[in-house]
Amino acid sequence: MKQNLRIALLMTFVTTVIFGLVYPLAVTGLGQLLFPSQANGGLIVKNGRTIGSRLIGQSFSSDKYFHARPSAARNGYDPVFAGGGASNLGPTNRQLLDRVKNDVEKLHVENPEAAIPIELVTTSGSGLDPDISPAAAVFQIPRIARSRHVSEAELRALITQHTVARQFGVLGEPRINVLELNLDLDAQHPVSK
(Lines give C-alpha, C1' and ligand atoms only; values in the text may rest on other atoms or scores of the structure.)
Protein backbone atom coordinates (compact mmCIF):
# COMPACT_ATOMS: atom_id res chain seq x y z
CA MET A 1 0.00 0.00 0.00
CA LYS A 2 2.79 2.45 0.92
CA GLN A 3 4.57 1.56 -2.34
CA ASN A 4 1.43 2.39 -4.40
CA LEU A 5 0.93 5.66 -2.53
CA ARG A 6 4.56 6.64 -3.10
CA ILE A 7 4.29 5.85 -6.85
CA ALA A 8 1.02 7.81 -7.10
CA LEU A 9 2.51 10.87 -5.37
CA LEU A 10 5.67 10.67 -7.47
CA MET A 11 3.64 10.42 -10.72
CA THR A 12 1.47 13.36 -9.63
CA PHE A 13 4.57 15.45 -8.95
CA VAL A 14 6.32 14.44 -12.20
CA THR A 15 3.27 15.03 -14.42
CA THR A 16 2.56 18.34 -12.68
CA VAL A 17 6.11 19.52 -13.35
CA ILE A 18 6.07 18.29 -16.97
CA PHE A 19 2.59 19.44 -17.99
CA GLY A 20 2.18 22.35 -15.61
CA LEU A 21 5.63 23.89 -15.89
CA VAL A 22 7.92 22.48 -18.60
CA TYR A 23 5.32 22.17 -21.39
CA PRO A 24 3.75 25.65 -20.92
CA LEU A 25 7.19 27.28 -20.74
CA ALA A 26 8.33 25.40 -23.87
CA VAL A 27 5.20 26.39 -25.84
CA THR A 28 5.46 30.00 -24.66
CA GLY A 29 9.15 30.09 -25.59
CA LEU A 30 8.48 28.63 -29.05
CA GLY A 31 5.64 31.11 -29.55
CA GLN A 32 7.88 34.02 -28.64
CA LEU A 33 10.65 32.70 -30.88
CA LEU A 34 8.60 31.75 -33.96
CA PHE A 35 5.59 34.11 -33.76
CA PRO A 36 6.54 37.05 -31.50
CA SER A 37 3.85 39.45 -32.73
CA GLN A 38 1.01 36.95 -32.37
CA ALA A 39 2.32 35.64 -29.03
CA ASN A 40 2.20 39.18 -27.66
CA GLY A 41 -1.34 39.85 -28.85
CA GLY A 42 -0.66 41.40 -32.27
CA LEU A 43 -0.63 44.84 -30.69
CA ILE A 44 -0.54 47.91 -32.90
CA VAL A 45 1.53 50.70 -31.38
CA LYS A 46 1.45 54.24 -32.76
CA ASN A 47 3.56 57.07 -31.30
CA GLY A 48 4.47 54.87 -28.33
CA ARG A 49 0.81 54.21 -27.49
CA THR A 50 -0.99 50.88 -27.92
CA ILE A 51 -4.13 51.53 -29.94
CA GLY A 52 -5.44 48.04 -30.59
CA SER A 53 -4.77 44.50 -31.69
CA ARG A 54 -4.62 42.91 -35.13
CA LEU A 55 -6.06 39.73 -33.62
CA ILE A 56 -9.11 41.00 -31.72
CA GLY A 57 -11.71 43.24 -33.27
CA GLN A 58 -12.81 46.54 -31.85
CA SER A 59 -15.91 48.58 -32.34
CA PHE A 60 -16.13 51.65 -34.57
CA SER A 61 -19.40 53.55 -34.44
CA SER A 62 -18.61 56.84 -36.22
CA ASP A 63 -19.86 57.26 -39.78
CA LYS A 64 -16.30 58.28 -40.72
CA TYR A 65 -14.94 54.74 -40.18
CA PHE A 66 -15.41 51.26 -41.52
CA HIS A 67 -17.47 49.22 -39.08
CA ALA A 68 -16.66 45.68 -37.97
CA ARG A 69 -19.28 42.97 -37.81
CA PRO A 70 -21.51 42.90 -34.73
CA SER A 71 -20.03 41.26 -31.64
CA ALA A 72 -21.79 38.95 -29.20
CA ALA A 73 -19.02 39.39 -26.60
CA ARG A 74 -20.66 41.35 -23.79
CA ASN A 75 -20.54 45.04 -24.72
CA GLY A 76 -19.07 44.32 -28.13
CA TYR A 77 -15.35 43.65 -28.40
CA ASP A 78 -15.00 44.19 -24.65
CA PRO A 79 -11.20 44.11 -24.02
CA VAL A 80 -11.72 43.10 -20.39
CA PHE A 81 -13.79 40.09 -21.41
CA ALA A 82 -11.11 37.40 -21.66
CA GLY A 83 -13.09 34.88 -23.67
CA GLY A 84 -15.18 35.38 -26.72
CA GLY A 85 -18.15 33.41 -27.79
CA ALA A 86 -21.27 33.37 -29.83
CA SER A 87 -24.60 34.42 -28.34
CA ASN A 88 -26.06 30.90 -28.63
CA LEU A 89 -29.31 32.41 -29.85
CA GLY A 90 -31.05 30.10 -32.30
CA PRO A 91 -32.38 31.18 -35.70
CA THR A 92 -35.94 31.48 -34.35
CA ASN A 93 -35.00 33.42 -31.20
CA ARG A 94 -36.99 36.67 -31.03
CA GLN A 95 -34.08 38.64 -29.51
CA LEU A 96 -31.76 37.63 -32.37
CA LEU A 97 -34.41 38.29 -35.02
CA ASP A 98 -35.13 41.75 -33.59
CA ARG A 99 -31.41 42.67 -33.49
CA VAL A 100 -30.84 41.50 -37.06
CA LYS A 101 -33.98 43.29 -38.27
CA ASN A 102 -32.85 46.55 -36.62
CA ASP A 103 -29.35 46.19 -38.10
CA VAL A 104 -30.80 45.55 -41.57
CA GLU A 105 -33.02 48.64 -41.30
CA LYS A 106 -30.05 50.82 -40.28
CA LEU A 107 -27.92 49.46 -43.11
CA HIS A 108 -30.68 50.02 -45.69
CA VAL A 109 -30.77 53.68 -44.67
CA GLU A 110 -27.00 53.84 -45.04
CA ASN A 111 -26.92 52.26 -48.50
CA PRO A 112 -30.43 51.62 -49.88
CA GLU A 113 -29.30 50.41 -53.31
CA ALA A 114 -26.92 47.63 -52.27
CA ALA A 115 -27.40 44.10 -50.98
CA ILE A 116 -26.26 43.85 -47.37
CA PRO A 117 -23.34 41.46 -46.77
CA ILE A 118 -24.37 38.86 -44.21
CA GLU A 119 -21.51 39.50 -41.80
CA LEU A 120 -22.68 43.07 -41.21
CA VAL A 121 -25.78 41.67 -39.44
CA THR A 122 -24.44 38.41 -37.95
CA THR A 123 -21.85 37.84 -35.25
CA SER A 124 -18.84 35.58 -35.65
CA GLY A 125 -18.38 32.38 -33.67
CA SER A 126 -15.85 34.02 -31.37
CA GLY A 127 -17.58 37.37 -31.18
CA LEU A 128 -14.15 38.99 -31.51
CA ASP A 129 -13.50 38.81 -35.26
CA PRO A 130 -11.15 41.62 -36.41
CA ASP A 131 -11.87 41.13 -40.13
CA ILE A 132 -14.64 41.81 -42.61
CA SER A 133 -15.01 40.70 -46.21
CA PRO A 134 -14.17 43.02 -49.10
CA ALA A 135 -17.92 43.07 -49.90
CA ALA A 136 -18.69 44.37 -46.39
CA ALA A 137 -16.07 47.09 -46.79
CA VAL A 138 -17.35 48.08 -50.26
CA PHE A 139 -20.90 48.30 -48.87
CA GLN A 140 -19.72 51.01 -46.44
CA ILE A 141 -17.97 53.16 -49.05
CA PRO A 142 -20.87 55.59 -49.74
CA ARG A 143 -21.30 56.43 -46.02
CA ILE A 144 -17.59 57.04 -45.47
CA ALA A 145 -17.20 58.99 -48.71
CA ARG A 146 -20.03 61.33 -47.64
CA SER A 147 -18.71 61.71 -44.09
CA ARG A 148 -15.09 62.34 -45.03
CA HIS A 149 -15.64 64.09 -48.38
CA VAL A 150 -13.41 61.51 -50.09
CA SER A 151 -14.00 59.96 -53.50
CA GLU A 152 -15.38 56.43 -53.64
CA ALA A 153 -12.52 55.48 -56.00
CA GLU A 154 -9.95 56.39 -53.34
CA LEU A 155 -11.78 54.27 -50.76
CA ARG A 156 -11.97 51.33 -53.19
CA ALA A 157 -8.22 51.56 -53.74
CA LEU A 158 -7.66 51.56 -49.99
CA ILE A 159 -9.86 48.47 -49.63
CA THR A 160 -7.97 46.70 -52.41
CA GLN A 161 -4.66 47.57 -50.75
CA HIS A 162 -5.83 46.04 -47.43
CA THR A 163 -7.46 42.89 -48.83
CA VAL A 164 -5.66 39.73 -47.72
CA ALA A 165 -6.14 36.75 -50.04
CA ARG A 166 -6.96 33.22 -48.95
CA GLN A 167 -4.12 31.57 -47.07
CA PHE A 168 -2.17 29.30 -49.43
CA GLY A 169 -4.78 30.18 -52.06
CA VAL A 170 -7.41 27.84 -50.58
CA LEU A 171 -7.89 28.40 -46.84
CA GLY A 172 -10.43 30.91 -45.57
CA GLU A 173 -11.91 33.82 -47.47
CA PRO A 174 -10.45 37.14 -48.62
CA ARG A 175 -10.57 39.53 -45.67
CA ILE A 176 -9.71 42.99 -44.42
CA ASN A 177 -8.55 43.90 -40.93
CA VAL A 178 -10.88 46.73 -39.88
CA LEU A 179 -8.50 48.42 -37.44
CA GLU A 180 -5.61 48.50 -39.93
CA LEU A 181 -7.94 49.77 -42.66
CA ASN A 182 -9.26 52.56 -40.42
CA LEU A 183 -5.75 53.54 -39.32
CA ASP A 184 -4.67 53.84 -42.95
CA LEU A 185 -7.88 55.74 -43.73
CA ASP A 186 -6.98 58.26 -41.00
CA ALA A 187 -3.41 58.52 -42.28
CA GLN A 188 -4.42 59.13 -45.91
CA HIS A 189 -7.61 61.14 -45.28
CA PRO A 190 -7.52 62.70 -41.79
CA VAL A 191 -10.81 63.49 -40.13
CA SER A 192 -11.55 67.22 -40.17
CA LYS A 193 -12.61 68.45 -36.75
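Things worth noting here:
- Scan of region 45-61 for residues that are touching a residue at least 12 places away in the same chain (Cβ under 8 Å), surrounded by fewer than 16 Cβ atoms within 10 Å (Cβ to Cβ) and under 18 Å from A187 (Cα atoms), ordered by number: K46, I51
- Residue check, L185 under 20 Å from the mean Cα position of the chain (by Cα), aliphatic (A, V, I, L, M), modelled with pLDDT of 90 or more and not in a loop (DSSP other than H, G, I, E, B): yes
- Restricting attention to region 109-134, the residues being open to solvent by less than 60 Å² (accessible area, probe 1.4 Å) and in a helix (DSSP H, G or I) number 4.
- Any hit, region 148-156, residues being farther than 22 Å from S53 by Cα, basic (K, R) and surrounded by 15 or more Cβ atoms within 10 Å (Cβ to Cβ): yes
- Condition met for V150 (modelled with pLDDT of 90 or more, closer than 15 Å to Y65 by Cβ and part of a loop (DSSP other than H, G, I, E, B)): yes
- Highlighted here are the helices (runs of 4 or more DSSP H) found entirely within region 1-91 that include at least 2 residues which are among the basic types (K, R) and at pLDDT below 95: 2-17.
- Each residue in region 168-182 was checked for being exposed (fewer than 10 other Cβ atoms within 10 Å of the Cβ) and not in a strand (DSSP E or B), and 3 of them qualify.
The values are calculated or read from the model by the stated rules, or taken from the named source; none is laboratory data. Because the structure is a prediction, the values reported are computed rather than measured. Ideal geometry is used to build each Cβ from the backbone, glycine not excepted, and the neighbour counts take in all protein chains shown. SASA here: full protein model, heavy atoms, side chains in, ligands and nucleic acids out. Shrake-Rupley method; radii C 1.70, N 1.55, O 1.52, S 1.80 Å.
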